[in-house]
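Here's the structure we're looking at; comments come further down.
The values are calculated or read from the model by the stated rules, or taken from the named source; none is laboratory data. Computed from a predicted structure; not experimentally measured. In case anyone asks, the SASA skips ligands and DNA or RNA and just uses the protein heavy atoms, side chains included. Shrake-Rupley method; radii C 1.70, N 1.55, O 1.52, S 1.80 Å.
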Amino acid sequence: MNENYRRILSRIAKLEDELHEELHKQKQRMDSQIENGKVVFHKTMIDAQMHLKTNVLPWLLNSKTKNLLSLPFIYPLIVPLVLLDVCVSIYQLICFRLYGIARVKRSIYFVFDRHLLPYLNGIEKFNCCYCSYANGVIAYVREVASKTEQYWCPIKHSQNIHHAHTRYLNFTEYGEGEDYRIKGEKLRNSLSSKK
């Protein structure tokens, strides 16, 4: 990796740290706290926000027609998402063990907390859970796929990849065969479950 890449990656890492710090500060300002891994709202916050809740029937009646028409296309996607989740979990359970790759901890990709917000009605809470699950599955699958790619084919493409996973930056350059044999083995070994 050339020096310019390293410099840019260093700047990106610093900006990500800065962003995480700012998000942490924002969470601290919220009128809630985490107790035993669960969000606990202060009674004053709940009382203040309950009037913002719209009951289901008025919410449905005020929904845009295009949003209601899209529901039969959105909700059935849960079936392939669950199937993908199950298949990737089985794949990882068997293949990562065979390859000696440290398993991806599935639970860290799934955060379900928005349904606890007092100003959401039942449909909105369900939608939040649905989106949390869908995005969690995709993030989880991406991490499993990136580890698989690092194991089997840690070579960059000849063309730029839009939003490549973070492991991709360490892959060998396209066309550099000599580097591939040595660096490829190092990249495989870095995935080891024996660390």
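Could you tell me the center-to-center distance, by alpha carbons, between region 168-184 and region 141-160 in angstrom?
Rounded to whole Å, the Cα centres lie 12 Å apart.
Residue 138 accessible area, nearest 10 Å², 1.4 Å probe?
Its accessible surface works out to 90 Å², give or take rounding.
Once neighbouring chains are kept in place and the probe is 1.4 Å, which whole percent of the accessible area of region 91-192 is contributed by carbon and sulfur? Display every interim value, and only then the final one.
Working: 3590 of 6160 Å².
The value for region 91-192 is 58 percent carbon and sulfur by accessible area.
Hey, can you find the accessible area per residue of region 88-178 for me, probe 1.4 Å, expressed in square angstrom?
On the way: 5380 Å² over 91 residues.
On a per-residue basis, region 88-178 sits at 59 Å².
Would you kindly derive the ³J(HN,Hα) couplings of region 110-126 from the backbone phi angles with the Karplus curve 6.51 cos²θ - 1.76 cosθ + 1.60 (θ = phi - 60°), listing them in order in whole Hz, with x for Gly and Pro?
Residue by residue, region 110-126 yields 10, 10, 10, 9, 5, 5, 7, 5, x, 8, 9, 8, x, 5, 5, 5, 4 Hz.
Please quote Rg/Rh for region 62-131 to two decimal places, taking the Kirkwood radius as Rh and restricting both calculations to Cα atoms. Each step should come with its number before you reach the end.
Working: Rg = 16.9 Å, Rh = 14.9 Å.
Result: Rg/Rh = 1.13.
Could you go through region 138-147 in sequence order and give the Karplus-derived ³J(HN,Hα) for each residue, using 6.51 cos²θ - 1.76 cosθ + 1.60 with θ = phi - 60°, rounded to whole Hz, and x for Gly and Pro?
Ordered by residue, 3J(HN,Hα) equals 4, 5, 4, 4, 4, 5, 5, 5, 5, 5 Hz.
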